[in-house]
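A quick write-up on the structure given underneath.
Any read-out appearing in this document is the output of simple, stated calculations on the displayed coordinates, not a laboratory observation. Quantities reported herein were computed from a predicted structural model and do not represent experimental measurements. Neighbour counts run over all protein chains shown; Cβ positions are idealised from the backbone, glycine included.
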Amino acid sequence: MKFLLAALLASTAAAHYTFPQLIAKGSPTGAWKYVRKTTNYQSNGPVTDVSSTQIRCYELNPGTPSETYEVNAGDTVGFTAQASISHPGPLQFYMAKVPAGKTAATWDGSGNVWFKVFEQGANISPSGMSWPSSGKTQVTVPIPKSLPSGEYLFRVEHIALHSASSAGGAQFYISCAQLKVNNGGNGNPQPLVSFPGAYKPSDPGIQINIYYPIPTSYTPPGPRPWTG
């Protein structure tokens, strides 16, 4: 029995994942170098409480120092998924501009400051829902060219929905990287949301049975993306 329990726990942990490395200029940049080390860096376990401050960046408290990577507006950036995105669900990216007088390395990302830059939902057919991010080991997105220059937190979020038919069943896998964006534009990112605050456990993109009856549509939670 003890062996069976250990095997089940190991299998469950193996199915979880982290986003430990920023991808920039086409290459991974080193685990936790520009990405804030997450609470699950060893366990790989998810956040399930959308009212917790862990839903923001899932970082260790008090956390570990990370560096800030310089990119240009319009560059493609992203994260590695370790070992891969192994659960069904949507992929989203958010950014938040660091306020004047603070830096990406020290700011906590609190307040109505986050805007979505990408969302990827499901492909739906009579046979079921499929998710383009499933099995991916890297996920990337272009930074909007009109994004104003400055320092930002860059947040990846994958929501696993395999157990999401009841409130609290969705699993959130999150990381935040630190960026300095150069050669930006004069765009006005919006709408702005806070974490926690952007989601409720009962949001239809969070509490959902993805298996039966097969949903006829799916919209990821949160605001629609700002594309610049």
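Can you give me the convex hull volume of the Cα atoms of the stretch 21-182, divided per residue and expressed in Å³? Intermediate values should be presented prior to the final figure.
On the way: hull volume 19.9 nm³, N = 162.
Taking only Cα atoms, the stretch 21-182 has a hull volume of 123 Å³ per residue.
If R₀ is 30 angstrom, what is the calculated FRET efficiency for the pair residue 194 and residue 166, using the beta carbon separation as r and rounding to 0.05?
On the way: r = 25 Å, r/R0 = 0.84.
Given R0 = 30 Å and the Cβ-Cβ separation, E is 0.75.
Using only Cα atoms, find the angle between the long axis of helix 2-15 and the longest principal axis of the chain, and express it within 0 to 90 degrees, rounded to the nearest 10.
40
So which lysines pass the test for residue 200, namely a Cα distance under 25 Å, with those fewer than 8 places away in the same chain ruled out?
Of all the lysines, those that pass the test against residue 200 - Cα under 25 Å, at least 8 places apart if same chain - are 97, 116.
Could you name the lysines whose alpha carbon sits less than 18 Å from that of residue 25, not counting residues in the same chain fewer than 8 places away?
Partners within reach: 33, 145, 180.
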